[in-house]
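Single-structure report; data block below.
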Amino acid sequence: MSETAPHVRIRAIGPEHLAQRVQVRGWLRNKPGGKGRYFLWLRDGSGEIQAIVEEAKVSPEQWQLVDEIGIESSIVVDGIVRAHPKNEDEYELEFQRIRVIQSVSDYPIGKKEHGTEFLMKNRHLWLRGKRQSAILRIRSEIHKAWADFFHDRGFFRVDTPIFTPNACEGTTTLFEVEYHGDTVYLSQSGQLYNEADIGALGQVYCFGPTFRAEKSKTRRHLLEFWMLEMEAAYYDMHDNIRFQEEMIAFTVGRILERCMPDLHDIWSAVRSDDKRSFEDWVARLRPSLATPYPRMRYGETIELINGERERYLQEYQEQFPKATIAFEDGSLRAMKKLTWDELREAWLACTIKEFQASGKAAAASDDDDDDSGAEKSAALPAARPFRWGEDYGAPDETLIGAQFDRPVFVSNFPIEIKGFYFKDELDDSGERVIDPVFAALPEGLKEEGMSGYTVMGSDLIGSEGAGEMIGGSQREDDTERLFEKVRHHQLPEDEFQWYLDCRRFGNVPHSGFGIGLERFTAWVCGGTDTPVHIREVITFPRMLHQYRP
RNA sequence: UCCGGCGUAGCUCAAUGGCAGAGCAAACGGCUGUUAACCGUUAGGUUACUGGUUCGAGUCCAGUCGCCGGAGCCA
């Protein structure tokens, strides 16, 4: 009885272990049962298995140990692998022996639901949860998949600096760090360094933490997140897009191949009365295995967005017939009198910035046909047409993504809304292209300051409201144009000399992109009805005013 | 920074301006192929904080703090 059984990780237990004595080293997830019999749910970080302990079959000393341990006690259990009598393709352990490393009786996280605040204060323990640990295993697999994908295609990993002397795009707010008397910033992108690195290595990627000091508090934002950025010499925008969709398809394939138990753990934690079967739930990922993904030009999305806004407005009016809409100038109009055309007319009379329509709906007090008595209200969605030259808001990206069952590329944005390094879109004769949708607009609908010129950039928008997952572009390789753009964006030229230097010596066309690991992982792990919050996708999230533990 | 919501037992949540409640967790007992097991008993409170209105405030008002969601911006 003193011989030690071979240690196995739970996930590795298979048919070859049947009737074999093995050792599991881990923690106690739960302990249903009681007098005479316990079911020890064991977890070791790779998976879960239950060991059945029967009082009649073990020594009194062993039974006492089992009887006393509480949830999250650390234990080593020897047992004989048996087929689960009820669940097909599952195994269980016939208990042989337990060694208690630490007995725990007051684990703070219970078996029922908890609130966000409590869970976040206990993030160091929440990580152990079934859903949380499954998500982290998938994140790890994505790391591996991406490394394989890039190395298989002849890319080298470089590591770009985290302390940087200036902003990459100037617009975003950065974290300042005192650097022995100087001020430097935490990196928000390794792109400019990657562009230099391709001069040495041709095709590179970097992968590290990225910092954004924006005061965003949404389910898509972290202040510290992990971003992979790729850069390749002699890639144009279309090479870039093809590379991206192949990478996403490859990664999804890897997850479906290797992470089914983890996806199942995530699915099983969904508590809903009418939840889909596991197969149906996983099926949402399968379309993304097939390339190419749909592509749209920015200009082509405007009609789509406006059609959706009009539909939303109509729904809003039907749901809240007595709602009012307020313009910034203070005038009030009855909502039911405002047609889409009237809204468009009002909008045309002012600029985008001036037009700040907002609606507030509330059930009338004299109208008490609703016995609940609860006051219904809803904020008005964006109640104006989207005009060429505007940047997308989060709801716009959501609705574009919702049109497709797989990620979609949106490309060729107005030059005015993108960074300095985007290459101009040129026609065959080398002239800048005016976007056809812009060109077809009547004069009154062309926003002031918009040229109609576009750039060779693309975003990849996830289906099911995941939002932007990838931002990429062909980089400006016309040295003169690049100098102009640096000046036009009022960037500190001194700090950019080294970057511009790379254009002077062996300048080549090149492209690249960045993908946020957490947003991608959240998209893989969650669906429309089962969203994964970005704070669940990294061990210790850093969010606005929240950096503990 | 702005807009909206929330803050009651260790946890999740109830409570017309009128005695502070339930489930889970904990302790004790019962039951047993359990799937967030189940049943019984016990214990558990400065209703976030400060001030105000009121005969009376968890509830209404003002402020402060904390949390959540969203907007802008972005991956």
Which residues, counting only those in the range A:393-431, are near RNA strand B (Cβ under 10 Å from one of its atoms), open to solvent by 30 Å² or more (accessible area, probe 1.4 Å) and without any contact (Cβ under 8 Å) to a residue 60 or more places away in the chain? A:Pro395, A:Ile417, A:Lys418
Residue ID - modelled with the lowest pLDDT, chosen from residues in the range A:486-495 that are under 12 Å from A:Tyr421 (Cα atoms) and in contact with a helix residue (DSSP H, G or I) (Cβ under 9 Å, 6 or more places away or on another chain): A:Leu491
The one condition in (1) open to solvent by 10 Å² or more (accessible area, probe 1.4 Å); (2) modelled with pLDDT of 90 or more; (3) not assigned by TED's automatic domain parsing to the domain that holds A:Arg286 that A:Leu500 fails to fulfil: (1)
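Going by the structure shown, is A:Arg475 on the phi < 0 side of the Ramachandran plot and surrounded by fewer than 21 Cβ atoms within 10 Å (Cβ to Cβ)?
On the way: on the phi < 0 side of the Ramachandran plot: yes; surrounded by fewer than 21 Cβ atoms within 10 Å (Cβ to Cβ): no.
In short, no.
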Scan the range A:510-518 and give yes if some residue there is open to solvent by less than 10 Å² (accessible area, probe 1.4 Å) and under 9 Å from the mean Cα position of the chain (by Cα), otherwise no. yes
Take the residues of the range A:163-182 that are open to solvent by less than 60 Å² (accessible area, probe 1.4 Å), part of a loop (DSSP other than H, G, I, E, B) and farther than 20 Å from A:His510 by Cβ: which is modelled with the lowest pLDDT? A:Gly170
So which residues in the range A:501-516 are of a type outside the set (Val, Ile, Thr) and under 18 Å from A:Gly401 (Cα atoms), if there are any at all? A:Gly516
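This table checks each residue for (1) under 15 Å from A:Gly79 (Cα atoms); (2) open to solvent by 40 Å² or more (accessible area, probe 1.4 Å); (3) within 16 Å of RNA strand B (Cβ to nearest atom); (4) outside any strand (DSSP E or B).
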residue	(1), (2), (3), (4)
A:Arg25	yes, yes, no, no
A:Phe39	yes, yes, yes, no
A:Ile49	yes, no, yes, no
A:Leu65	no, yes, yes, yes
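Given the options A:Ile109, A:Ile80, name the one that is out of contact with any His (no Cβ under 8 Å at 6 or more places or on another chain) and in the same structural domain as A:Leu40 (by TED's automatic domain parsing).
On the way: A:Ile109 fails: in the same structural domain as A:Leu40 (by TED's automatic domain parsing).
Only one candidate passes the filter, namely A:Ile80.
Condition first: within 6 Å of RNA strand B (Cβ to nearest atom) and not in a helix (DSSP H, G or I). Now tell me which residues in the range A:109-136 satisfy that. Full working, then the answer.
Step one: filter the range A:109-136 for residues within 6 Å of RNA strand B (Cβ to nearest atom), giving A:110-118, A:120.
Within the range A:109-136, A:Gly110, A:Lys111, A:Lys112, A:Glu113, A:His114, A:Gly115 qualify.
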Helices (runs of 4 or more DSSP H) contained entirely in the range A:439-549, each with at least 3 residues that are among the aliphatic types (A, V, I, L, M), touching a residue at least 24 places away in the same chain (Cβ under 8 Å) and within 15 Å of RNA strand B (Cβ to nearest atom): A:517-525
Can you tell me which of A:Tyr185, A:Tyr235 is out of contact with any Lys or Arg (no Cβ under 7 Å at 6 or more places or on another chain), more than 20 Å from A:Leu517 (Cα to Cα) and assigned to a strand (DSSP E or B)? A:Tyr185
Taking the condition of being within 16 Å of A:Arg99 (Cβ to Cβ) and free of Cβ contacts under 8 Å to residues at least 40 places away in the same chain, how many residues in the range A:39-79 meet it? 11
Out of all the residues in the range A:95-104, is one or more within 11 Å of RNA strand B (Cβ to nearest atom) and either within 30 Å of A:Lys217 (Cβ to Cβ) or modelled with pLDDT of 90 or more (or both)? yes
From A:Leu186, A:Leu256, A:Leu223, residue being of a type in the set (A, V, I, L, M) and touching a helix residue (DSSP H, G or I) at 6+ places or on another chain (Cβ under 7 Å): A:Leu256
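Matching residues to (1) in a loop (DSSP other than H, G, I, E, B); (2) within 13 Å of RNA strand B (Cβ to nearest atom); (3) in contact with a Pro (Cβ under 9 Å, 6 or more places away or on another chain):
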residue: A:Trp146; (1), (2), (3): no, no, no
residue: A:Pro161; (1), (2), (3): yes, no, no
residue: A:Ala196; (1), (2), (3): no, no, no
residue: A:Gly199; (1), (2), (3): no, no, no
residue: A:Thr210; (1), (2), (3): no, yes, no
residue: A:Arg219; (1), (2), (3): yes, yes, yes
residue: A:Leu222; (1), (2), (3): yes, yes, yes
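The values are calculated or read from the model by the stated rules, or taken from the named source; none is laboratory data. In this text the structure is predicted, and so the values were computed from the model without any measurement. Don't worry about glycine lacking a Cβ; one is built from the backbone with ideal geometry, like all the others, and counts go over all protein chains shown. Accessible surface areas use protein heavy atoms only, side chains included; no ligands, DNA or RNA. Shrake-Rupley method; radii C 1.70, N 1.55, O 1.52, S 1.80 Å.
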